[in-house]
Amino acid sequence: MRSASHRAAIAWLIIAALFIAGCTVGGTTRQSMGVIKLGAELPLSGDDAPDGIPAKNAIELAIKAAGLVCGAASHQDACVQLQAVSYDDVSHGIHDPATGAKNVQRLAGDPRVVAMVGPLYDSLARSEVPVASVAQLAMVSPATTNECLTQEPADGHCQGLKSRLRPRSPNTFFRVVATQLDEGAAGAELAYKSLGKRRAFVINDQTSFGHGIATAFADRFVRDGGTIVDPSDLGAFDPNQPSAFGSRVQRAAELGTDVVYFAGEQISAAASLRRAMAARMPQVPLVGSDRLANSQFAKSAGASARGTYYTVVGPHPASLRPAQGFMRDYQKQYGHEVGTYSLPAFDATNLVIAAIARAIDDAGGKLPTREQVLAQVSRTKDYAGTMGVTSFDAQGDTSLKLIAAYQWLASTDPAGRYAAQVTVSG
């Protein structure tokens, strides 16, 4: 005869089995159909680990908070358990496109992986998007900003890259951040609305990036009500020649310029421009892109660095009210503040989780396929995340274009001080 303790143990096993098989929430019995996986492709070691590990933490925090993922509407009783599968794209201490592509192949080879979050870097996306395209695996990047991954601007500088990266349809690549070209419009919004400037002088290095953001700045500044004081060639200069901006700065001063926009990639050229401005119009601010975020710019500009503003694609979490709860939860869970890509990674993951819930409905209350999850990711509309409300367009770009602006206060500072959160509208 079994003992009372033995009978009690059996009873607890039965109860546990019933709990695993299904649970009742709000009068609906929820049934777990099994496990599906969400991939994460990130730099988790070497020099880039400070970027990747906080993003991985955010992904895992989102999955943990979600618990069982159930049908969004018609099949709220049909649920799946979601597991994260993370791969490191670092080789020999730095992120590696070939390693990234192999990681996506590994994810694609697991039939339970229905989507992935990543990568963080443009070079990784170029190697990974074709692999995900063939596998019809939805990938949502929290950080890539190169416009050529999703767009084909009229000037042709992308040379058809978007199409070459996608051997199959439909599109499988999405991102929750703006592109680098949006920095131009953000710089104009900063100059006109935040700094109150009305007469801008533009200088650009004639690269695809420089000319692109110079054009975007000029268009938005004029649309806002400002004036480009010398619009003929948007201040084109040859980046292969020694940087000498004295005559240009003198002309800008004569034209009554109250803000200068630097559209270029060379830190040394930007520092030279700022030093020339300090000598002839020291009170006029310089605005530039994330290239000016490098501390080498401030060191090279010296004391004249003060009064320089730069923009960076992405959110400034502390300035976003919906992000405060996530930031507290992250700090409590991991014992340190969020990283640069934590907030976008958290929203990217939750956006995919919401798509999985809708895909369960599409599957008639059964395990959703990759194709069903992909279809729902592509239909993302008015998703309310910690960064704000976003939708994806046909190319996979987000409608929520957040750009943070910072100001250099001293050449000895490691980074600029937060100045404004800019949202670029259409």
Task: Rg in Å to one decimal, and Dmax rounded to a whole Å, for the chain via C-alpha atoms - done: 24.9, 103
Open item on the list: Take LEU367 and SER194, extend 7 Å from each Cα along the Cα→Cβ direction, and tell me the distance between the two endpoints in nm.
Closed with: 4.8 nm
TODO: Could you state the accessible area per residue of the chain in Å², with a 1.4 Å probe and every protein chain left in place?
DONE: 43 Å²
- [ ] Mind pulling the angle between the C-alpha long axis of helix 97-108 and the longest principal axis of the chain? Nearest 10 degrees, somewhere in 0 to 90.
- [x] 30 degrees
TODO: Sticking with the crude label model, points 7 Å out along Cα→Cβ, report the distance from SER163 to ARG223 in nm, one decimal please.
DONE: 2.7 nm
Open item on the list: If you consider only alpha-carbon coordinates, what radius of gyration and Dmax does the stretch 331-408 have, in Å?
Closed with: 15.4, 55
- [ ] Can you check how the C-alpha radius of gyration of the stretch 177-250 compares to 2.2 N^0.38 Å, as a plain ratio?
- [x] 1.10
TODO: Once you have the Kirkwood Rh of the stretch 119-241 from its Cα pairs, apply Stokes-Einstein at 20 °C and 1.002 mPa s and quote D in µm²/s.
DONE: 134 µm²/s
Task: Packing rank of 302-308, 267-273, 151-157, 81-87, where each peptide gets the mean count of other beta carbons within 10 Å, highest leading - done: 267-273, 302-308, 81-87, 151-157
Task: Between helix 122-135 and the chain: long-axis angle, C-alpha atoms, 0 to 90°, nearest 10 - done: 40 degrees
Task: Nitroxide proxy distance, nm - points 7 Å out along Cα→Cβ at ALA415 and GLN333 - done: 2.1 nm
Open item on the list: I need the peptides 131-137, 160-166, 115-121 ranked by packing, meaning the mean over residues of other C-beta atoms within 10 angstrom, with the highest value on top.
Closed with: 115-121, 131-137, 160-166
Open item on the list: Taking 37 °C and 0.692 mPa s as the conditions, I'd like the Stokes-Einstein D for the stretch 190-347 in µm²/s, using the Kirkwood hydrodynamic radius from alpha carbon pairs.
Closed with: 194 µm²/s
Task: Distance-filtered residues of the stretch 38-53 - backbone nitrogen under 17 Å, label point 7 angstrom along ARG112 Cα→Cβ - done: 38-40
Open item on the list: For the chain, take the longest principal axis of its alpha carbons; what is the angle in degrees between that and the long axis of helix 208-224, to the nearest 10 within 0 to 90?
Closed with: 80 degrees
- [ ] Report, ordered by chain and residue number, the aspartates and glutamates lying within cross-link reach of LYS37, taken as a straight Cα distance under 14 Å and ignoring same-chain residues fewer than 8 apart.
- [x] GLU60, ASP110
Task: Kirkwood Rh (inverse of mean 1/r, distinct Cα pairs), the stretch 72-157, angstrom - done: 14.5 Å
Task: Accessible surface of the chain [probe 1.4 Å, protein heavy atoms]: carbon and sulfur percent - done: 52 percent
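The values are calculated or read from the model by the stated rules, or taken from the named source; none is laboratory data. Nothing here was measured: the structure is a model prediction, and the numbers come from that model. Don't worry about glycine lacking a Cβ; one is built from the backbone with ideal geometry, like all the others, and counts go over all protein chains shown. Ligands, DNA and RNA are stripped out before the accessible areas are found, and what is left, the full protein with its side chains, is counted by its heavy atoms. Shrake-Rupley method; radii C 1.70, N 1.55, O 1.52, S 1.80 Å.
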